[in-house]
1. Looking only at region 1-39, how many residues end up being under 9 Å from the mean Cα position of the chain (by Cα) and of a type in the set (S, T, N, Q)?
2. How about region 53-73: which of its residues are loosely packed, with under 12 Cβ neighbours inside 10 Å and not aliphatic (A, V, I, L, M)?
3. Considering only residues that are β-branched (Val, Ile, Thr) and closer than 20 Å to Tyr80 by Cβ, look in region 1-52 and name the one that is surrounded by the fewest Cβ atoms within 10 Å (Cβ to Cβ).
Amino acid sequence: MDNETFTFLLRILLPNVAKQGTSLRQSISAEDRLMLTLRYLATGETLRSLSFSTRIAHNTLSVIIKEVLLAICKCLEEEYLKVNML
């Protein structure tokens, strides 16, 4: 995926995937959340393997990936995920 497409997708998804940090810890940025999800989908890598390479717990990765995929469906379904009803 080229940078322009990534930026376009990030701009559309940003309100749905951005999280606010707290005084105890910084949140994972929307850009990183999208990047992790796309990497997971593109490589077929396991969550454990992705966890070792990113130093993010596998259970956190599973939550991030689920949230981003739901945001993709929500934000893009009208324009790109049309379903013909019989």
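Quick note: the coordinates plus some simple rules give every number you see, no bench work behind them. Small disclaimer: the values here were computed from a predicted structure and weren't measured. Here Cβ is always computed from backbone atoms with ideal geometry, including for glycine, and neighbour counts include all displayed protein chains.
1. 1
2. Within region 53-73, Ser53, Arg55, Asn59, Lys66, Cys73 meet the criteria.
3. Pass one, region 1-52, residues β-branched (Val, Ile, Thr): 5, 7, 12, 17, 22, 28, 37, 43, 46.
From the residues that got through so far, the ones that are closer than 20 Å to Tyr80 by Cβ too are 5, 7, 12, 17, 37.
Numbers: Thr5: 9, Thr7: 11, Ile12: 15, Val17: 23, Thr37: 21.
Only one residue fits best here, namely Thr5.
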